[in-house]
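This report concerns only the one structure given below.
Laboratory data are not the source of any read-out in this text; all were calculated from the coordinates shown. Here the structure is a predicted model, which is why all the values come from computation and not from measurement. Reconstructed Cβ throughout: ideal geometry from the backbone, glycine too, with neighbour counts over all protein chains shown.
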Amino acid sequence: MSGETNRLTALAQEIMEHPVPREMDVLLSTGEQVTIALLCMALEKRGYRACSFTGGQVRILTDDSHTKARIREIDSSTMRSQIEQGNIVVVAGFQGVDDNGNITTLGRGGSDTTAVALAAALEADECQIFTDVKGVYTTDPKVVESAKLLKTITFEEMLELSSLGAKVLQIRSVEFAGKYKVPLRVLSTFEEGSGTLITLEEETDMEDPAIAGIAFERDEAKLTVAGVPDVPGIAYKVIGPVSEAGIEVDVIVQNAAADGSNDITFTVKRAESDKAKEILDTVATSLKANEVILDRKICKVSLVGVGMRSHAGIASKMFKTLAEENINIEIITTSEIKISVVIEERYLELAVRALHSAFDLGEASSEKVSE
């Protein structure tokens, strides 16, 4: 039921701007309760026996962090009993109960996480997530028309893609599936197809590409504190107050100059950049830094693939491709299976298309991708 959570949130905010988290959980959990009852009615009308359960009835036990609770355990006995009787079990996603019986909600991506948790509790062969796309693509098809649907991808690759901007699955659900070894398949709600299987196993075909996909994030801003003293602990003095304010810091670069000073640059979400700059202006004054520079016109583009472990030259090929398009790289960060670059936002689509072509991600000949 599209827009139901927004409708309920709006009702709450008509009463108070910042509603009590416990009561918000009670309110928002009703959206799923309506949906599961209606779905069971629709199934019954078609001749199937079905029964609905709230998170509390199934006993999805969570901690007591209202609006962002985490699942601790699930009692699968009720579900197993119903399934053995031939009934279809419909469980409300996004919700649970704490030790005291209070209704809790799991926060963003909570329904996907619930699905994976139920699959783990039932020791299911596979957890299938039906969404508005056919599966996981090599990159966003809206940016690159030739983007291909991946048959398989590892949990490791999917975690990186999700954390780097891919919107197909929420990262919590992928983490949960990887932890409990639940094969996860992403399918289209509206079209037939086998979708994308997310699994622990890597493809072993020698022709598999080193790169599984390209992720990008537009919602980025870059902050530079210029001319801070080059002394031990300076990075903490700059970044600590930002983190303590609840602002997530992403890519960090520290450059030491010959005159004994440092420039510290890092990225944050664009929506939090003004708040971060206010904090840094105060920090800069106490540290006698030269200035704080805020750049909101940047983005992050990332290559992801477990094949990077065994394929040399990925980074140099990426840098060469961007250089040939006259795209300047402002920051580089790497891990074992990813390379991310920060560039000007106006070059985002050009960069993604160029890299997609350079690494042959649109080639139908790859075993890892299919029409």
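Each residue of segment 82-99 is assigned a 3J(HN,Hα), and the resulting list reads 5, 5, 4, 7, x, 8, 7, 9, 10, 10, 5, x, 6, 9, x, 9, 8, 4 Hz, derived from the Karplus form 6.51 cos²θ - 1.76 cosθ + 1.60 (θ = phi - 60°), x at Gly and Pro. For the chain, the longest principal axis of the alpha carbon atoms and the long axis of helix 110-121 meet at an angle near 60°. Between amide H atoms placed 1.01 Å from N, distances below 5 Å from T154 occur with T199, all of them 5 or more places distant or on a separate chain.
Work out the FRET efficiency for A312 and S357 from their Cβ-Cβ distance, taking R0 = 25 Å, and round it to the nearest 0.05.
On the way: r = 21 Å, r/R0 = 0.82.
Approximately 0.75, to the nearest 0.05.
In segment 1-124, the DSSP beta bridges split such that about 55 percent are antiparallel, to the nearest 5. Couplings for segment 308-319, taken from phi via the Karplus curve 6.51 cos²θ - 1.76 cosθ + 1.60 with θ = phi - 60°, read 4, 4, 10, 10, 7, x, 5, 4, 4, 5, 4, 5 Hz in order; Gly and Pro are left as x. Helix 234-244 and the longest principal axis of the C-alpha atoms of the chain enclose an angle of approximately 30°. Over the chain, dividing the summed -39,500 (n - 2.57) contributions of all DSSP H runs of at least 4 residues by the number of residues returns a 222 nm mean residue ellipticity of -10500 deg cm²/dmol.
Assuming a ≥ b ≥ c are the square roots of the Cα gyration tensor eigenvalues, decide whether segment 26-70 counts as rounded (a/c under 1.5), prolate (otherwise, with a/b larger than b/c) or oblate. Prolate shape, in that a/c is at least 1.5 and a/b is the bigger ratio.
Could you give the dipole magnitude of the chain about its Cα centre, charging the beta-carbon of Lys and Arg +1 and that of Asp and Glu -1, in debye to the nearest 20? Mind dumping the intermediate values first?
Numbers: 38 positive and 59 negative charges, 98 e Å.
In total the dipole reaches around 480 debye.
Picking from V26, V174, V97, which is most flexible by a Gaussian network model of the chain using Cα springs under 10 Å? Evaluated over the chain, the most mobile residue of the options is V26.
Close amide H contacts of R185 (hydrogens built in the peptide plane, cut-off under 5 Å, sequence separation of 5 or more or a different chain): C127, Q128, I129, I198. Springs join every pair of Cα atoms under 10 Å in this Gaussian network model of the chain, and among G305, G313, G195 the largest mean-square fluctuation is at G313. When +1 charges are put on Lys and Arg Cβ atoms and -1 charges on Asp and Glu Cβ atoms, the dipole computed for segment 30-179 relative to its Cα centre reaches about 420 debye.
Considering only alpha-carbon pairs that sit under 8 angstrom and 6 or more positions apart, the relative contact order computed for the chain is 14 percent.
Of the GluC sites (Glu not before Pro) found in segment 1-40, those in coil by DSSP whose Cβ has at most 11 other Cβ atoms within 10 Å are E17. Would you kindly state how much longer the chain becomes between A245 and E344 on full extension, computed as 0.36 nm times their sequence separation minus their alpha carbon distance, in nm to one decimal? This chain segment gains 33.0 nm when fully extended.
Can you give the relative contact order of segment 77-219 as a percent, counting alpha carbon pairs under 8 Å and 6+ residues apart?
Working: 227 pairs, mean separation 36.6, N = 143.
It rounds to 26 percent for segment 77-219.
Comparing Q85, V268, A124 along the charge dipole axis of the chain, the residue lying farthest to the positive side is Q85, per the Cβ-charge model. Dipole orientation for the chain: of the candidates H66, S52, V301, S52 has the Cα lying most toward the positive pole (charges on Cβ; Lys, Arg +1; Asp, Glu -1). Between the helical axis of 273-287 and the longest alpha-carbon principal axis of the chain there is an angle of about 40 degrees. The label point for Q57 and the one for D132, both projected 7 Å from the Cα toward the Cβ, are 2.9 nm apart. Considering only beta bridges that DSSP places wholly inside the chain, some 80 percent are antiparallel.
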